[in-house]
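Contents: one structure, followed by commentary.
The values are calculated or read from the model by the stated rules, or taken from the named source; none is laboratory data. None of these values were measured; they are calculated from a predicted model. We place every Cβ from the backbone using ideal geometry, glycine too, and count neighbours over all the protein chains shown.
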Amino acid sequence: MKRLINQTPTPGLRLALGILPFVLLLLVYLLASDARLAENPNDKLLPSFSQIGDAIQRMAFEPNRRTGEYQLWADTASSLTRLGLGVLLAASLGLILGLSTGALPMVSALTSPLLTVVSLIPPLAILPILFIVFGLGEPAKVALIALGITPFIARDLQRRTLEIPMEQLVKAQTLGANTSQIICRVLLPQLLPRLIDSVRLSLGAGWLFLIAAEAIAATDGLGYRIFLVRRYMSMDVILPYVAWITLLAFMIDAALAGLSRRLFPWQNKGGH
Amino acid sequence: MLEARNLWKRYGDKVVLEQINLKVKEGEFITLVGASGCGKSTFLKMLLGTETLSSGELLLDGQPIPAEPGADRGIVFQQYSVFPHMTVLQNVMAAKGFQRPGLTGWLFGAAKRQARDEAMVMLREVGLENAHSLYPAELSGGMRQRLAIAQALLGKPRILLLDEPFGALDPGIRADMHELVLRLWREHQLTVFMVTHDLKEGFYLGTRLWVFDKTRHDPQAPHAYGASITYDLAVGNTDHRTFEKIDQSVTLTEKETDKLYEIN
């Protein structure tokens, strides 16, 4: 028998092992739900799949009786707009800050200490300030997401810029390149795939800030809905919403990974 | 064209180079050999402009060498010399883009077509015309160094600096590269400085050989003395005994340095 560290699963076994925990979780939920509902048909804590199905039908495929909107899609649209704007803002700011501090020691001396301090401020702690400054509307929520993840992206990209071998910068100079040419043609193109990586890593935090902001002050959005129906213990709505958010996060991540592979073919060719 | 007068290089208390005096004429092919840590690479970096000297003078055409890299001095490093995000052709064309003033270094229209033609000629010269659409990561080590050389030459430098360019290559490929470098040196009328670990390479390739070595040793204070140029030979007519002697002295210094690192 081989040592445990040398035993690798075949592709089929790997797939089966991967699916197993999901199946087990589902099974446990089903049994627990059945047991509770058998005792009390009005129990709301662990709704049955048919109850969840009804809720999905109601939220996603029937117009709301009061507003006439399809609730799930309207919530998704508002949340994704906020997340998209916040992340876009953070990515642009982070790229500019990271690139300039990584490439220009003078700029780094000026901004790096400030960036370090700002990155240590817990973003949720300044959410009240954002609400006071921007009001309770959209800008405050977008600003929270942007403020929350910009320092991470900026510092990550700064480190990535510094990782680009000195030899390349020297080489470009011996070919006659000036500073802006080096930034545009040597540093920026090599940073773009890393920017996408950085955004992928910070999306988790982005969702966190989005849902927190929506829970506190919003009139629609996925986070708002979850916290709203919590008052009625509507697990039949909360559970599909959480699953939907998870699926969205997964799809955005996969889309960004695919985009990176497609736009920057040079990074996956051969080994260095 | 190049002149060093009583040049010293120190890092704090540690002396790396001392009393370097030399004159180089246009068109020479100089190889720099010596034990590791003897300052030959430091000297090359001073020529490049990424290291500054501590005292003395290093003059190019009577003017002090600029303290940053410039278009008159091309460089090929042992690795990382090419841009990984550009294809072979784009790498060479980038050299043309960087020569023109401008914010982005991108070329358009007629300038781009001309750069493309010139780049293809240069790629043919180093034998890479069939690989022009590949990325550097897809090339072998030897091809990557050919690309780095083509790129450097399209920048039309007067001086070509080679920092152990073939150190990571197989012996057979290294021989091909030697031929290539010698041919390009003659065709483009370059002045070449090449740092190498391989003493044989130094004897075979250049017109002139510099051996960097310490002449004085103080076992109590190993960093008190730096290296200087102990042999300055016109290569081609040196006898076997000199080769042996240099080989021995360089190996000795190497052993001393190794011992030092072990102790530290």
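Brief remarks follow.
- Annotation note: of A:Ile196, A:Ile182, the sole residue that is β-branched (Val, Ile, Thr) and either surrounded by fewer than 17 Cβ atoms within 10 Å (Cβ to Cβ) or more than 10 Å from chain B (Cβ to nearest Cβ) (or both) is A:Ile196.
- Segment B:102-134: number of residues that are out of contact with any helix residue (DSSP H, G or I) (no Cβ under 9 Å at 6 or more places or on another chain) and either farther than 26 Å from B:Trp185 by Cα or at the interface with another protein chain (Cβ under 9 Å from one of its Cβ atoms) (or both): 4
- Hey, B:Gly167 outside any helix (DSSP H, G or I), outside the structural domain of B:Leu48 (by TED's automatic domain parsing) and not charged (D, E, K, R) or not: no
- Meets criteria (of a type outside the set (Val, Ile, Thr), over 30 Å from B:Leu139 (Cα atoms) and in a strand (DSSP E or B)) for B:Glu57: yes
- B:Gly37, sole failed condition from (1) at negative phi; (2) touching a helix residue (DSSP H, G or I) at 6+ places or on another chain (Cβ under 6 Å); (3) in the same structural domain as B:Arg208 (by TED's automatic domain parsing): (1)
- Among the residues listed as A:Ala205, A:Ala177, the single one being facing another protein chain (nearest Cβ under 7 Å) and without any contact (Cβ under 8 Å) to a residue 60 or more places away in the chain: A:Ala177
- Some residue of segment B:213-222 being under 25 Å from A:Met166 (Cβ atoms) and either more than 12 Å from chain A (Cβ to nearest Cβ) or surrounded by fewer than 20 Cβ atoms within 10 Å (Cβ to Cβ) (or both): no
- Number of the condition not met by B:Ala168 [criteria: (1) buried (at least 16 other Cβ atoms within 10 Å of the Cβ); (2) among the hydrophobic types (A, V, I, L, M, F, W, C); (3) in contact with a Gly (Cβ under 9 Å, 6 or more places away or on another chain)]: (1)
- Matching option when the condition is farther than 15 Å from B:Lys200 by Cβ and modelled with pLDDT of 75 or more, among B:Ser249, B:Ser228: B:Ser228
- Matching entry among B:Lys9, B:Lys23 (being assigned to a strand (DSSP E or B) and either free of Cβ contacts under 8 Å to residues at least 40 places away in the same chain or over 25 Å from B:Asp218 (Cβ atoms) (or both)): B:Lys23
- Residue check, B:Glu51 assigned by TED's automatic domain parsing to the domain that holds B:Thr207 and in a loop (DSSP other than H, G, I, E, B): yes
- Among residues of segment A:216-236 that are free of Cβ contacts under 8 Å to residues at least 40 places away in the same chain, those with a beta-carbon under 6 Å from a residue that is in a helix (DSSP H, G or I) at least six positions away or on a different chain give the pairs A:Ile226/A:Ile238; A:Ile226/A:Tyr241; A:Phe227/A:Ala215; A:Val229/A:Val237.
- Scope segment B:224-234; condition more than 19 Å from B:Phe203 (Cα to Cα) and in contact with a helix residue (DSSP H, G or I) (Cβ under 9 Å, 6 or more places away or on another chain); matching residues: B:Ala227
- Among the residues of segment B:26-45, those that are closer than 15 Å to B:Tyr225 by Cβ and assigned to a loop (DSSP other than H, G, I, E, B) comprise B:Ala35, B:Gly37, B:Cys38, B:Gly39.
- Looking at B:Pro84, B:Pro69, just one residue is touching a helix residue (DSSP H, G or I) at 6+ places or on another chain (Cβ under 6 Å), outside any strand (DSSP E or B), within 14 Å of chain A (Cβ to nearest Cβ) and over 23 Å from B:His188 (Cα atoms), and that residue is B:Pro84.
- Filter result (more than 7 Å from chain A (Cβ to nearest Cβ), in a loop (DSSP other than H, G, I, E, B) and touching an Asp or Glu at 6+ places or on another chain (Cβ under 9 Å)) within segment B:72-81: B:Gln78, B:Gln79
- Screening segment A:205-227 for residues that are in a loop (DSSP other than H, G, I, E, B) and of a type in the set (A, V, I, L, M) and picking the one that is nearest to A:Trp73 (Cα to Cα) gives A:Ala218.
- Unique residue being surrounded by fewer than 21 Cβ atoms within 10 Å (Cβ to Cβ), within 11 Å of another protein chain (Cβ to nearest Cβ) and either among the basic types (Lys, Arg) or in contact with a helix residue (DSSP H, G or I) (Cβ under 8 Å, 6 or more places away or on another chain) (or both) when the list is B:Ala95, B:Ala137, B:Ala152: B:Ala137
- Search result, residues across segment A:66-119 that are aromatic (Phe, Trp, Tyr) and outside any helix (DSSP H, G or I): A:Tyr70
- Test: residue in segment B:182-195 that is assigned to a loop (DSSP other than H, G, I, E, B) and surrounded by fewer than 18 Cβ atoms within 10 Å (Cβ to Cβ): yes
- Taking (1) in contact (Cβ under 8 Å) with a residue 40 or more places away in the chain; (2) touching a Phe, Trp or Tyr at 6+ places or on another chain (Cβ under 9 Å) in turn, B:Glu125 satisfies each apart from (2).
- Only one of A:Thr179, A:Thr150 that is within 30 Å of B:Leu153 (Cα to Cα), of a type in the set (S, T, N, Q) and touching a helix residue (DSSP H, G or I) at 6+ places or on another chain (Cβ under 9 Å): A:Thr179
- The set of residues in segment A:59-93 being surrounded by fewer than 15 Cβ atoms within 10 Å (Cβ to Cβ) and among the hydroxyl-bearing types (Ser, Thr, Tyr) consists of A:Thr67, A:Thr81, A:Ser92.
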